[in-house]
2 protein chains.
Amino acid sequence: MDNSQNTEDKILAAAREVFHKKGLSGARMQEIADLAGINKSLLHYYFRSKDALFEKVFTETFSQLANKMTEIFLSEMTLMSKIGIFVNFYFNFISGHSYIVQFVINALQDKPERIREVILKQNVTPEILLETIRKQLKEEMGLDIDPLHIYVNILGLVIFPVIARPLIQSIFAIPDERMAVFYEQRKKIVPTFIENALKGYETDRTMV
Amino acid sequence: MDNSQNTEDKILAAAREVFHKKGLSGARMQEIADLAGINKSLLHYYFRSKDALFEKVFTETFSQLANKMTEIFLSEMTLMSKIGIFVNFYFNFISGHSYIVQFVINALQDKPERIREVILKQNVTPEILLETIRKQLKEEMGLDIDPLHIYVNILGLVIFPVIARPLIQSIFAIPDERMAVFYEQRKKIVPTFIENALKGYETDRTMV
DNA sequence: ATTATTTTTGACCATCCGGTTAAACTATTC
DNA sequence: GAATAGTTTAACCGGATGGTCAAAAATAAT
């Protein structure tokens, strides 16, 4: 047999690609089948329905993303090191998976309940993540700031430029090459920006 | 006649609502017609096709958004005042139009060319916006930083928490009331965060 | 080798959906 | 008030789309 991959994996790979790019309503079962190089009926043979297949892809994708994020922040490092590594890793990762984050956000916008099932299967508790950041803010920088705000700030500075790429690029007429440079610059700029901001709290003493 | 609104406006209002929430492929012409309280054929009578109607809504929405953004940054104020006002305004505006930004991003992700036509109709040149910010960074804070990075930072800190709301809220199990508080807090936190970050550059002298 | 089981296919179905058309209704013009 | 133009509707069309099914092909079990 030339079946280098088994059918189920081929389907999942194709479904991932199509769903990530086009979302649930934009994707076509036929397109997924074609991409996987199989008959459309097989999709229903392995996964009951379009929705079931989508849910599978969503769960998978979300877990992957969540794991990558928490993994770094739960490791043994200073907060600033974590931020540096996270930002760096993320820009690299996402440049090869540009649709992923938006896919997750859209899927959740469309139907927030989707996350329930997934979050339970997850081994990481979000509370632990926040608590870890809170402790590090306090102990390493003497800051009593809500860790959620800081975490959201970090994500915003990293994720927004990626999902808004078409927006930014077209508005400011930036060619692809300069855009690549732009992202490369952000690997340094974002950690510096955050560090400056946090240090500012130290001197200011205007806590939130 | 009881036609409080003319038909065209009723259609546009309905189309806005549906397209904003569900996007092009997720929206149904019948649903728009129902919401507008008219016959489906009328949609085609006033706007040729689904695509034409969508394009109309997109243009309209994008312009509204872009104008709001640039208006503030091109006014006569210190950069920090602009940032404060912008952040404040945006959280207020968006809480009543939560789907808008994501709608624009998705529409552009789906088909980047969409922006071409719109940008030409726009009276604001993006270059002027950046140039204004650059000048203010230099003159008011003595900073030689790429204004695009700063602008993107601001947008990221404001927009990301809004479009990722379902994500954030479900992951961290935040009830609606606490989420409202969260956004209210950000009106202060974000400007402070940015101000600290920028001041950090001043003392650091580690320019980018 | 034969049977039983799993995998794959092509033909098909019902429904959805964007779009068309002709006729009905309304408003305007003369 | 008849003629004309503009607006609205219901019925319909054709193709796309998610999904089914029975039979064929491949694989495994005896």
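Derivation of every value follows stated rules applied to the coordinates shown; laboratory data play no part. What you see is a predicted model, and the numbers here were worked out from it, not measured in a lab. A quick note on method: Cβ atoms are made from the backbone with ideal geometry, for glycine too, and the neighbour counts reach across all protein chains shown.
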Legend entry - For chain A, built as a Gaussian network whose Cα springs stay under 10 Å, the top-fluctuating residue of A:Lys56, A:Lys121, A:Lys135: A:Lys121
Inset, instruction - In whole Hz, with x marking every Gly and Pro, tabulate ³J(HN,Hα) for region A:15-27 from phi via Karplus 6.51 cos²θ - 1.76 cosθ + 1.60, θ = phi - 60°. - result: 4, 3, 4, 5, 4, 4, 7, 10, x, 5, 6, x, 7
Inset, instruction - Excluding residues fewer than 8 places away in the same chain, name every one of the lysines whose C-alpha is closer than 26 Å to that of B:Lys138. - result: A:Lys187, A:Lys188, A:Lys199, B:Lys68, B:Lys82, B:Lys187, B:Lys188, B:Lys199
Inset, instruction - List, largest first, the extents of the alpha carbons of region A:1-47 along their principal axes, each in whole Å. - result: 34, 17, 15
Inset, instruction - Starting from a label point 7 Å past Cα on the Cβ side, list the distances from B:Lys135 to the same position in the other copies, nm, shortest first. - result: 5.1
Legend entry - Distance (nanometres) between label positions extended 7 Å along Cα→Cβ at B:Lys68 and B:Met80: 2.6
Legend entry - Sequence-distant lysines (8 or more away, or on other chains) whose Cα lies within less than 26 Å of A:Lys50: A:Lys10, A:Lys21, A:Lys22, A:Lys40, A:Lys111, A:Lys121, B:Lys21, B:Lys22, B:Lys50, B:Lys111
Legend entry - Other protein chain Cβ atoms within 10 Å, averaged over every residue that makes up B:185-191: 3
Inset, instruction - Work out from phi, with θ = phi - 60° and the Karplus expression 6.51 cos²θ - 1.76 cosθ + 1.60, the ³J(HN,Hα) of each residue of region A:54-60, listed in order in whole Hz, and give x for Gly and Pro. - result: 4, 4, 4, 4, 4, 3, 4
Legend entry - FRET efficiency, 1/(1 + (r/R0)^6) with R0 41 Å, evaluated for B:Glu131 and B:Arg178 via beta carbons: 0.50
Legend entry - Qualifying GluC sites (Glu not before Pro) for region B:1-76 [loop in DSSP, other Cβ within 10 Å: at most 14]: B:Glu76
Inset, instruction - Can you tell me the order of A:98-108, A:142-152, B:163-173, A:35-45 when each peptide is scored by its average per-residue count of other Cβ atoms within 10 angstrom, highest first? - result: A:98-108, B:163-173, A:142-152, A:35-45
Inset, instruction - Tabulate in residue order the Karplus-calculated ³J(HN,Hα) for region B:162-169, using 6.51 cos²θ - 1.76 cosθ + 1.60 with θ = phi - 60°, rounded to whole Hz; enter x for Gly and Pro. - result: 7, 6, 9, 3, x, 4, 4, 5
